[in-house]
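As structure tokens, the structure follows; a few thoughts come after it.
The values are calculated or read from the model by the stated rules, or taken from the named source; none is laboratory data. As the structure is a prediction and not an experimental result, all values here were calculated from the model. We place every Cβ from the backbone using ideal geometry, glycine too, and count neighbours over all the protein chains shown. All accessible areas refer to the heavy atoms of the entire protein, side chains included, with ligands and DNA or RNA removed. Shrake-Rupley method; radii C 1.70, N 1.55, O 1.52, S 1.80 Å.
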Amino acid sequence: MRWTQFTSTTAAVLLAIAIGTPLAAQQQAPKHHGYKVIDIGTLGGPTSGINFDSRILNRQGAAVGGADTSVFDPICGCYNFHAFRWQNGVLSDLGTLPGGESFSFGIAINSRGNVAGISNNGLIDPVTGVPVFEAVTWSDRKITNLGTLGGSFSLPNDINSRGETAGGAENTIPDPDNLGGALIGLPSPT
């Protein structure tokens, strides 16, 4: 009989603790920061995107990436894709280099709002047969071509607060061990 009373009392205490614990835990739980998911949209086409490996957001809340425009290219079966800058709900098309209307992409942004990215320029690489793209910066709505080291392609990785951009570029020295040749058989300078 005593065992039954002890078991009943223990069960009642455990039940009270079990019921009370979640309420106590909820009241003492640390507050979480609130985040808001925002659809930044496109430049008239179906998709947009960002580069996850770069600084695509600055302290002023400006973000950079690329988005489809409304211009469809039947040759590639795709939409022209342009670099964008998004801030305060406004998505701005950063444009392309002259002759390169079909592609640009914003890769990084600095604290002053300068953007580093890539743009095609309308030329075709004679070795690979693919459109040429070069590193560029956008500052005050003006695009600047950063060029290459003699080859067809360059790519920035980041841009600092002074507007200095770092990245890589092809030169004209053929490399038999290049990544394109090793993986997919494309000849390419280094």
Worksheet item: Can you name the number of the only condition in (1) open to solvent by less than 30 Å² (accessible area, probe 1.4 Å); (2) more than 20 Å from Ile159 (Cβ to Cβ) that Gly113 fails?
Response: (2)
Worksheet entry | Complete set of residues in region 93-106 that are open to solvent by less than 10 Å² (accessible area, probe 1.4 Å) and assigned to a strand (DSSP E or B) | Ser104, Gly106
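Based on what the data block shows, is Ile124 of a type outside the set (Ser, Thr, Tyr) and crowded, with 22+ Cβ neighbours inside 10 Å?
Details: of a type outside the set (Ser, Thr, Tyr): yes; crowded, with 22+ Cβ neighbours inside 10 Å: no.
No; evaluated as a whole, the condition is false for this residue.
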Fill in: Residue in region 63-79 that is at pLDDT 95 or above, surrounded by 10 or more Cβ atoms within 10 Å (Cβ to Cβ), on the phi < 0 side of the Ramachandran plot and assigned to a loop (DSSP other than H, G, I, E, B) present
no
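Restricting attention to region 133-142, does a residue exist that is at pLDDT below 90, part of a loop (DSSP other than H, G, I, E, B) and surrounded by 17 or more Cβ atoms within 10 Å (Cβ to Cβ)? It would help to see each step written out before you state the result.
Within region 133-142, the subset at pLDDT below 90 is 141.
Then drop every residue that is not part of a loop (DSSP other than H, G, I, E, B), which leaves 141.
Imposing the further condition that a residue be surrounded by 17 or more Cβ atoms within 10 Å (Cβ to Cβ) reduces the set to none.
No; the residues of region 133-142 include none that is at pLDDT below 90, part of a loop (DSSP other than H, G, I, E, B) and surrounded by 17 or more Cβ atoms within 10 Å (Cβ to Cβ).
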Worksheet entry | Residue satisfying all of: in region 29-61; of a type in the set (A, V, I, L, M) and part of a loop (DSSP other than H, G, I, E, B); modelled with the lowest pLDDT among these | Ala29
